[in-house]
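Participant: First, the structure itself, so that you have it in front of you.
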Amino acid sequence: MQETVVIIGGGAAGFFGAITCAETNPSLRVILLEKTTKLLSKVKVSGGGRCNVTHACFQTSAFSQNYPRGQKALKKLLPYFSAEDTVAWFAKRGVPLKTESDGRMFPQSNTSDTIVDCLLQAARKAGVEIRTGTGVTQVEVHPDKSPVERFSLHLSSGERLTAAKLLVATGGNPKLEHYQWLQQLGHTIEAPVPSLFTLNVPSSPFKDLQGVSVPKAKVKLTGQKLETEGPLLITHWGLSGPAVLRFSAWGAKVMHGLAYTGTALVNWVPDLSEDQVRHQILQTRLSSPRKTVFTNALFQLPTRLWQRLCELAEVPEAVKWSELAGKAQNKLIELLLRTPFEVKGKTTFKEEFVTCGGIKLEELHLERMESRLVPGLFFAGEVVDIDGITGGFNFQAAWTGGYLAGKALAS
C-alpha cells in the first residue's frame, strides 16, 4: 500500500510543505487539499499584488526580532531554512528576487503571479496531487492501525481519505471555533486575535489630509508600554503605514483587550529630544524673524501637516516667527512631540492581515513542526502561534515551517 501524505491548506506553508515532501521522497503519494477554489490567494494579493516574499536580513537573531509571537522559535528554526535559503530556492527555479530600500524583497517581475506560477509548477513537477473545492469535515486518528492508515479524513465531497501523515496549514482565523477540530485532537489554542490592522480615529482633525505621510514617526499608546517607529500615513479613517502596522502587531493582544480604544500619541520628530525641538524653533525665530510661521515648515515636515499642527496650536495664519506667543509656541512643541489621536476601532489592512495566536508552540517538536501529542500530525504557517510584523516576515515563517514539516513528512 503506497504511503499517503495529506496537506490541508493551499497557501504558502501548505505548498512549501507539499513540494519539499514530494521532492525529498518521490515514492510518497502527496495530496494537497484546498477547501476553496483559489490556491495561494494570500500570496497573490500580498504586497499590493507584487508578493513580499521575504526580507533582506540574513542574521538569524536580527531576523527573529521581527516576530511579536514566536521569536524564540524562529531563532531556532531559521538556521534550517533562512531568508537566504528562500532567495536561493526561488532563484534555482528561475525566479530572481530584488531588494527594495526598506529591505522588503519582491520578484524582479514585480508581480505575485510569478511566485504563484513558480509554486504551482514546482508542485506539479514533484507529483503533488492538488485538489481544490475539497474541505476536510473531520479527522480521525487511529493509533492502533498500521502507520500508513494512521489518519482518516472525511472530505466535504463525502469521500474518505486515509493518510500516514498529515500537515495542517490552514492559515489563521480570528474566530476560536475555526480551531475546534484541532482542539478535539488534543491541542491547546492560544486565543486568536487580529494583527496588522490600521487605527480608526473618527474624530481625527487630520482626516482631510489623507495621503500625507512622514518617513519616520513614533506611535505610543498612553498607559501602556506599547511604542513603535516607522513611516506613517494619514488616511481618511485615521492612521496607517508601517509604524501603525508594527504598533498593531506588537500590541495585538493589548488592543484586543482594550476593545480597540485608547489614546495614541504621535511624535512627528522622533529623532529629536524636546530640548532640540525647542532649540531649533528658537534658532528659527532668530534667523528668520520676518517669515510667517504658517508658511515656513520646520523639521522637513509636509507643509499641509505643519499648517494643521499650527492651526491646532492656535498660531494665527499671518503671525511671524518674531511675533509668536510663548503659549502658542509651547502648544506647537507639544503637538510635534505628542499629538493625541482618540482610537475607536480598527480597519483590516488590505488583504494582508494576520492572526496572532494558534497552535501552542510548546506542543510541537519545533525542528520537525510535529505534534508532541499526535505522532504524524504536523503544522506550518499561520495556524501556529507565530506571527511577524509587515515586511515579508510572515511569508518567511511559512516557508521555514513548511520546509521543516515537508522534510519530516518525507522521512
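Participant: Of all trypsin sites (Lys or Arg not before Pro) in the range 231-309, which ones are in loop regions per DSSP and have a Cβ with at most 16 other Cβ atoms within 10 Å?
Facilitator: Taking the range 231-309 and a limit of 16 other Cβ atoms within 10 Å, the loop trypsin sites (Lys or Arg not before Pro) found are Arg290, Lys291.
Participant: Now for a separate question. Using DSSP to call loops (not H, G, I, E or B), can you name the GluC sites (Glu not before Pro) in the range 141-186 whose Cβ has at most 13 other Cβ atoms within 10 angstrom?
Facilitator: Glu159
Participant: How far apart, in nm, are the 7 Å Cα→Cβ label points at Thr222 and Phe299?
Facilitator: 1.8
Participant: Set Lys and Arg Cβ to +1 and Asp and Glu Cβ to -1, take the dipole of the chain about its Cα centre, and tell me which of Gly402, Val201, Pro68 lies farthest positive.
Facilitator: Val201
Participant: If each residue of separation counts as 0.36 nm, what is the full-extension length gain between Ser273 and Gln184 once their alpha-carbon separation is subtracted?
Facilitator: 26.6 nm
Participant: Calculate how steeply helix 393-410 sits against the longest principal axis of the alpha-carbon atoms of the chain, using the helix alpha-carbon long axis, and give the answer as 0 to 90 degrees to the nearest 10.
Facilitator: Between the helix axis and the principal axis of the chain, the angle is about 10 degrees.
Participant: Still on this structure, please answer the following. What does the charge count near Thr188 come to, summing +1 for each Lys or Arg and -1 for each Asp or Glu among other residues with Cβ under 10 Å from its Cβ?
Facilitator: Here the charged neighbours net out to -3.
Participant: DSSP loop (so not H, G, I, E, B), at most 15 other Cβ within 10 Å: list which trypsin sites (Lys or Arg not before Pro) in the range 168-219 pass both filters.
Facilitator: Lys175
Participant: While we're on this one: Based on the Cβ-Cβ distance of His142 and Asn173, what FRET efficiency does E = 1/(1 + (r/R0)^6) give at R0 = 30 Å, to the nearest 0.05?
Facilitator: Computed FRET efficiency for His142 and Asn173 comes out at 0.65.
Participant: Mind checking the full-extension length gain between Ser287 and Ser322? Use 0.36 nm per residue of separation minus the Cα-Cα distance, one decimal, nm.
Facilitator: 11.6 nm
Participant: Separate question: What are the residues whose amide H is under 5 Å from the amide H of Lys346, where those residues sit 5 or more places off or on another chain and H is modelled from the backbone?
Facilitator: The answer is Asn200.
Participant: At what distance in nm do the modelled label points of Ala191 and Glu342 sit from each other, each positioned 7 Å from its Cα along Cα→Cβ?
Facilitator: Distance between label points: 2.7 nm.
Participant: With charges set only on the Cβ (+1 for Lys and Arg, -1 for Asp and Glu), what does the dipole of the range 197-348 come to about its Cα centre, in debye to the nearest 20?
Facilitator: Dipole magnitude for the range 197-348 comes out near 120 debye.
No value in this document is a laboratory result; all are computed from the given coordinates. Given the structure is predicted, the values throughout are model-derived calculations rather than measurements. Reconstructed Cβ throughout: ideal geometry from the backbone, glycine too, with neighbour counts over all protein chains shown.
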